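**Student:** Sharing a structure here in structure tokens format.
The values are calculated or read from the model by the stated rules, or taken from the named source; none is laboratory data. Predicted model only: the values in this text are computed from it and were never measured. A quick note on method: Cβ atoms are made from the backbone with ideal geometry, for glycine too, and the neighbour counts reach across all protein chains shown. With ligands, DNA and RNA removed, areas are computed over all heavy atoms of the protein, side chains included. Shrake-Rupley method; radii C 1.70, N 1.55, O 1.52, S 1.80 Å.
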Amino acid sequence: MNDETFSSGMMGKGVAIIPSEGKLYAPFDCTVVSIFDTKHAIGFEDKNGVEILVHIGLETVLLGGKYFETKVNVQNKVKKCQLIAEFDLENIKKDFDIITPIIITNTEECSDITLEKVSGNISAGDSIISIRK
């Protein structure tokens, strides 16, 4: 990734994807623990305490929420593949890199993190990271 904050692992280990559609789905059965005011980043926590942050695009905080619509609220319990947010991919791509980091924010508490898929196309529901806490 062309972003030091994410690529250095400073925020935790993870992967990055390039969305092909403007939809964000829940990564697993979990609770929504944070939604940035600008709606470009959403935090999740599963029942075992694994914390994931999905950050749609780079520097998209500068959009101030324009082009983003959330479908859930903080503290909502959601199911894997449930629609969480929609975003206008084409308009965002005009001015921003749409690469989307998926970060395990409590990496230090996890005993085993394994990449399941490192390249190619993925679909909602595909396993891309295996995490044990």
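**Student:** Excluding ligands, DNA and RNA, what is the solvent-accessible area per residue of the chain at a probe of 1.4 Å, expressed in Å²? Write out the running numbers ahead of the final one.
**Tutor:** Numbers: 7550 Å² over 133 residues.
Value returned for the chain: 57 Å² of accessible area per residue.
**Student:** So which of LYS39/LYS133; LYS13/LYS93; LYS13/LYS94; LYS39/LYS80; LYS66/LYS94; LYS13/LYS77 end up more than 22 Å apart by C-alpha?
**Tutor:** On the way: LYS39/LYS133 28 Å; LYS13/LYS93 25 Å; LYS13/LYS94 28 Å; LYS39/LYS80 19 Å; LYS66/LYS94 13 Å; LYS13/LYS77 24 Å.
In this structure, LYS39/LYS133; LYS13/LYS93; LYS13/LYS94; LYS13/LYS77 lie more than 22 Å apart at Cα.
**Student:** Between ALA16 and ASN106, what is 0.36 nm times their sequence separation minus the Cα-Cα distance? Round to one decimal in nm. Before the final figure, lay out the partial values.
**Tutor:** Numbers: separation 90, 0.36 × 90 = 32.40 nm, distance 1.69 nm.
Here the segment from ALA16 to ASN106 would lengthen by 30.7 nm.
**Student:** May I ask for the longest run of the chain untouched by GluC sites (Glu not before Pro) that are loop-located per DSSP and have at most 15 neighbouring C-beta atoms (other than their own) within 10 Å? Numbers along the way, then the final one.
**Tutor:** Details: sites that count: GLU21, GLU59, GLU116.
Within the chain, the longest run free of exposed GluC sites (Glu not before Pro) spans 60-115.
**Student:** How far is it, in nm, from the label point at LYS77 to the one at LYS47 when both lie 7 Å from their Cα along the line to the Cβ?
**Tutor:** 0.9 nm
**Student:** Would you mind calculating the gained length between LEU89 and GLU116 on full extension (0.36 nm times residue separation, minus the Cα-Cα distance), in nm to one decimal?
**Tutor:** Values: separation 27, 0.36 × 27 = 9.72 nm, distance 2.58 nm.
Difference between extended and current length: 7.1 nm.
**Student:** Right, next: Exactly which trypsin sites (Lys or Arg not before Pro) in segment 1-109 are in a DSSP loop and have at most 12 other Cβ atoms within 10 Å? Write out the running numbers ahead of the final one.
**Tutor:** Working: sites: LYS13, LYS23, LYS39, LYS47, LYS66, LYS71, LYS77, LYS79, LYS80, LYS93, LYS94; in loops: LYS39, LYS47, LYS66, LYS71, LYS79, LYS80.
Answer by residue number: LYS47, LYS79.
**Student:** Between ALA85 and residues 5 or more places away or on another chain, which pairs have amide H atoms under 5 Å apart, with H built 1.01 Å from N, and which residues are they?
**Tutor:** Sorted by chain and number, the residues that satisfy this are LEU24, LYS71.
**Student:** Among the DSSP beta bridges whose two residues both lie in the chain, what percent are antiparallel, rounded to the nearest 5? Please list the in-between numbers first.
**Tutor:** Details: 29 of 29 bridges.
Here the antiparallel bridges make up roughly 100 percent for the chain.
**Student:** Using a 1.4 Å probe on the protein chains only, how many percent of the accessible area of the chain belongs to carbon and sulfur?
**Tutor:** Values: 3400 of 7550 Å².
The computed percentage sits at 45.
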